[in-house]
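To start, the structure itself, in structure tokens.
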Amino acid sequence: MMSEEKTIKSEMIYEGRILNLRVDTVELENRKYSKREIVEHANAVAIIPFKEDKIVFVRQFRKAVNKDLLELPAGLIESNELPKEAASRELQEEIEYDAKNFEYLFDSYSSPGFTDEKMSYFLATELFPSKRENDEDEFLNIEEYTLEEALKMIEEGKIEDSKTIIGLLYLNMRNCSNA
């Protein structure tokens, strides 16, 4: 059964560089009203870059959780870019490599209970050195692990970033089904 919430009123609370916050008043199926706080967020890409038999990760401090996180390279899709172009740019900015092959894997919504952000996942292979200036507010450390090592790090709680966990588990599922 499909249900829908009819928007009665929408109020923009904040407009920022990468996100906006609005509050929608909606009419529910039972004809009652409710408020929905919605974060409008730019779409993004996440890349699983393979360098020989290892996956290249970035470790960076994330202020929202006040700690360093080990993550797949990722970033926002700029207004004039296709997701694959953003994936290539982000690899060059974050790990100083580009890839000869980008394979689109899937899209997912990061947290649809409050945001419209959609992330496109890519597998990047045949990496070659290629550097672009990274964002001036990003300070990244590069780390490389095999898929098996990374999966163990998920089990041990050493990888906590959801996009990274999703990408690695998808890759593992796909590899197991190809065996």
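The values are calculated or read from the model by the stated rules, or taken from the named source; none is laboratory data. Keep in mind it's a predicted model, so treat the numbers as computed, not measured. Reconstructed Cβ throughout: ideal geometry from the backbone, glycine too, with neighbour counts over all protein chains shown. These area figures cover heavy atoms from the full protein model, side chains too; ligands, DNA and RNA do not enter into them. Shrake-Rupley method; radii C 1.70, N 1.55, O 1.52, S 1.80 Å.
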What helices (runs of 4 or more DSSP H) completely inside segment 79-179 contain at least 2 residues that are of a type in the set (Lys, Arg)? 83-95, 162-177
Candidate set: segment 109-146, residues that are of a type in the set (Gly, Ala, Ser) and over 28 Å from Leu21 (Cα atoms); chosen: the one most open to solvent (accessible area, probe 1.4 Å): Ser130
Within segment 100-120, identify whether any single residue is acidic (Asp, Glu), over 14 Å from the mean Cα position of the chain (by Cα) and within 25 Å of Phe61 (Cβ to Cβ), and answer yes or no. no
Is it the case that some residue within segment 67-87 is open to solvent by less than 90 Å² (accessible area, probe 1.4 Å), modelled with pLDDT under 95, farther than 24 Å from Asn20 by Cβ and not hydrophobic (A, V, I, L, M, F, W, C)? no
Might you let me know whether segment 98-108 holds any residue that is open to solvent by 50 Å² or more (accessible area, probe 1.4 Å) and under 16 Å from Leu168 (Cβ atoms)? yes
So if I check each of Ala74, Ala87, Ala124, which one is within 21 Å of Glu52 (Cα to Cα), among the small types (Gly, Ala, Ser) and over 13 Å from the mean Cα position of the chain (by Cα)? Ala124
Search segment 15-30 for residues that are part of a loop (DSSP other than H, G, I, E, B) and pair each with any residue that is surrounded by 15 or more Cβ atoms within 10 Å (Cβ to Cβ) when their beta-carbon atoms are under 8 Å apart and the residues are at least 6 apart or on different chains. Ile18/His41; Ile18/Ala42; Ile18/Leu76
